[in-house]
Amino acid sequence: MWLWTLGYFILMAKITLVLTVVLLLAAYLVLVERKLLGRFQARIGPNRAGIFGILQPIADGIKLLVKEDVVLDGAERGIFQLAPVIVASMALLTFAIIPFGKPIIIGGHEIPMVISDINVGLLYAFALTSLSVYGVALGGWASNSKYALLGGIRGAAQMISYELALGLSIVPVVMMAGSFSLVEIVNAQAKWPFIIVQPLAFIIFFISALAESKRIPFDMPEAEAELGAGYHIEYSGMRFGLFFLGEYVQMQVLGALIAVFFLGGWRGPFLPGPIWLLIKIIGFSIIMVWIRATLPRFRYDQLMTLGWKILIPAALINIVITGVFIVAF
């Protein structure tokens with residue numbers, strides 16, 4: 001009985017730690033992005049709330065909490081209120097399978113540094129990514145606004161299209177690791193990270209991950225110049241904040257998955273595993289911000305052409321080549 005109780009408290013401690021780090025990092029990624037964009041675009045970023053604007057995320061959170069939560073008369077109230085929760089929760093739940101360090105031994109018992117090591121962790125991650133599409137599509141439809149509906153339709157089409165390339169790009173990684181478990185995929189990179197032997201898979205995954213996160217140059221579902229703010233144009237207060245939270249948590253999720261699949265996960269010299277994983281997540285988040293400041297938005301036909309005519313065929317060819325090499329060598 002005491003072992004079960006101890007295991008329960010350890011599990012709760014891991015969940016609390018991961019959620020705290022993820023939510024704090026999401027809040028301060030907003031500040032980092034606004035500061036970097038200010039630097040890239042030769043303008044002043046947030047600098048009023050606290051020293052160097054360090055309290056700006058707290059000020060933004062308070063503002064969103066006290067703003068009026070408006071629901072339009074013509075909106076489907078239940079679905080309208082549920083959509084932001086779907087987006088934020090699906091992103092947060094993905095961190096349940098991300099390994100953030102090597103197991104530690106306490107009292108002769110091995111404690112894995114992951115909330116849940118399931119043998120189909122990869123499928124679990126892609127299932128949650130797929131479910132987040134519903135939040136975007138339902139939020140756009142339930143708003144009873146033509147701009148929101150167009151944004152929701154664009155978001156659903158874009159995310160379905162790029163999920164195919166995203167999933168296919170990981171097949172060679174699974175073939176080399178021999179497992180769907182994210183812990184085993186990290187363990188398979190003990191000698192070298194998979195980015196060395198699968199650079200094409202990495203490029204396809206990274207581009208598809210950018211499209212999945214709906215960030216510039218793939219921000220067609222929002223497209224301020226055309227749709228105002230797209231699928232979340234009618235949201236206010238903390239419900240808008242949940243869409244915002246979901247976007248920045250998803251940036252961390254995609255950074256963590258890139259680290260796990262191609263960069264050895266938590267592995268690295270000198271520093272503890274969790275620190276290495278955090279560095280890789282922040283590094284890829286900054287690259288996403290850099291891309292946002294550099295590239296213009298695609299046209300919609302260019303967006304679909306890249307996904308269906310370039311990335312998916314390239315991923316299929318990469319699977320065949322990987323299979324040939326595995327069989328031959």
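The values are calculated or read from the model by the stated rules, or taken from the named source; none is laboratory data. Everything quoted here is computed from the prediction, not taken from an experiment. All Cβ positions, even for glycine, are placed from backbone atoms using ideal geometry, and neighbour counts span all protein chains on display.
Given the options A26, A42, A49, name the one that is out of contact with any strand residue (DSSP E or B) (no Cβ under 9 Å at 6 or more places or on another chain), of a type in the set (A, V, I, L, M, F, W, C) and either part of a helix (DSSP H, G or I) or touching a residue at least 40 places away in the same chain (Cβ under 8 Å) (or both). First the steps, then the outcome.
On the way: A42 fails: either part of a helix (DSSP H, G or I) or touching a residue at least 40 places away in the same chain (Cβ under 8 Å) (or both); A49 fails: either part of a helix (DSSP H, G or I) or touching a residue at least 40 places away in the same chain (Cβ under 8 Å) (or both).
Of A26, A42, A49, the one residue that is out of contact with any strand residue (DSSP E or B) (no Cβ under 9 Å at 6 or more places or on another chain), of a type in the set (A, V, I, L, M, F, W, C) and either part of a helix (DSSP H, G or I) or touching a residue at least 40 places away in the same chain (Cβ under 8 Å) (or both) is A26.
Criterion first (closer than 21 Å to I287 by Cβ and buried (at least 16 other Cβ atoms within 10 Å of the Cβ)) does V71 satisfy it?
Working: closer than 21 Å to I287 by Cβ: no; buried (at least 16 other Cβ atoms within 10 Å of the Cβ): yes.
Taking the combined requirement at face value, the residue does not satisfy it.
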* To do: Take the stretch 207-238 and flag every residue that is modelled with pLDDT under 80, among the hydrophobic types (A, V, I, L, M, F, W, C) and in contact with an Asp or Glu (Cβ under 7 Å, 6 or more places away or on another chain).
  => A229
* When you scan the stretch 261-291, how many residues do you find that are in contact with a Phe, Trp or Tyr (Cβ under 9 Å, 6 or more places away or on another chain), under 19 Å from A211 (Cβ atoms) and surrounded by fewer than 18 Cβ atoms within 10 Å (Cβ to Cβ)? -> 2
* Out of curiosity, is L166 closer than 23 Å to F202 by Cα, touching a Ser or Thr at 6+ places or on another chain (Cβ under 6 Å) and either assigned to a helix (DSSP H, G or I) or modelled with pLDDT under 85 (or both)? -> yes
* Of all residues in the stretch 110-147, count the ones that are among the aliphatic types (A, V, I, L, M), over 18 Å from the mean Cα position of the chain (by Cα) and not in a helix (DSSP H, G or I). => 4
